[in-house]
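> Take this structure first; my questions come after.
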Amino acid sequence: MNLASEPSMPEAQPTPARDRMALAVESRSIRDVVVVYCKGRLELGEALEEVVGTVKAPLRAGRSVLLNLGEVETIDAAGLGVLAELAAYAAESSRELRLCSVPRKVAEVISLTRLVQVLDCYPTEKDGLASYLGIAAFCRAS
């Protein structure tokens, strides 16, 4: 039997970057705090601009931001740069940007780059909100 005459199976193609989970950004307000949720890959691309806009708008308006990274799969240098930019912007605006629910892989990268020195991180969204609102105020708000 000649293998060349057999119908060939299509080769498996690598998953294109656009098919991987794109970054989705949503937000909600709890009193003077805006919780921004990121889901997907915090990587170079247009979606990072959406994160910047979604975080800077409430900071500009005098509100604080809790950035929930609980559903972030990975972060690259551009994503780290955005976090550093947002931390600096918050400090210049005399507002605060805090992180919560940071996945272990992402936390390791943030730690290695020493961004933990400029960003407060909390294990859960509740902990992050309580840090802004105080325990009693948080219980009434949630």
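The values are calculated or read from the model by the stated rules, or taken from the named source; none is laboratory data. Only a predicted model underlies this, so the values are computations on that prediction, with no experimental measurement involved. All Cβ positions, glycine included, derive from the backbone under ideal geometry; neighbour counts span all protein chains shown.
> Only residues that are surrounded by fewer than 18 Cβ atoms within 10 Å (Cβ to Cβ), under 16 Å from Cys100 (Cβ atoms), of a type outside the set (S, T, N, Q) and free of Cβ contacts under 8 Å to residues at least 40 places away in the same chain: list them for the range 27-61, please.
Selection gives Arg28, Lys39.
> Quick one: count up the residues across the range 48-87 that are under 18 Å from Val109 (Cβ atoms) and in a helix (DSSP H, G or I).
Result for the range 48-87: 13.
> Could you grab me the full set of residues in the range 62-75 that are of a type outside the set (Val, Ile, Thr) and either surrounded by 15 or more Cβ atoms within 10 Å (Cβ to Cβ) or within 9 Å of the chain's Cα centre (by Cα) (or both)?
Of everything in the range 62-75, those that are of a type outside the set (Val, Ile, Thr) and either surrounded by 15 or more Cβ atoms within 10 Å (Cβ to Cβ) or within 9 Å of the chain's Cα centre (by Cα) (or both) turn out to be Arg63, Ser64, Leu66, Leu67, Asn68, Leu69, Gly70, Glu71, Glu73.
> Checking the condition at pLDDT 95 or above, over 10 Å from the mean Cα position of the chain (by Cα) and on the phi < 0 side of the Ramachandran plot, which residue from Arg18, Arg41, Arg28 passes?
Every option except Arg28 fails the conditions.
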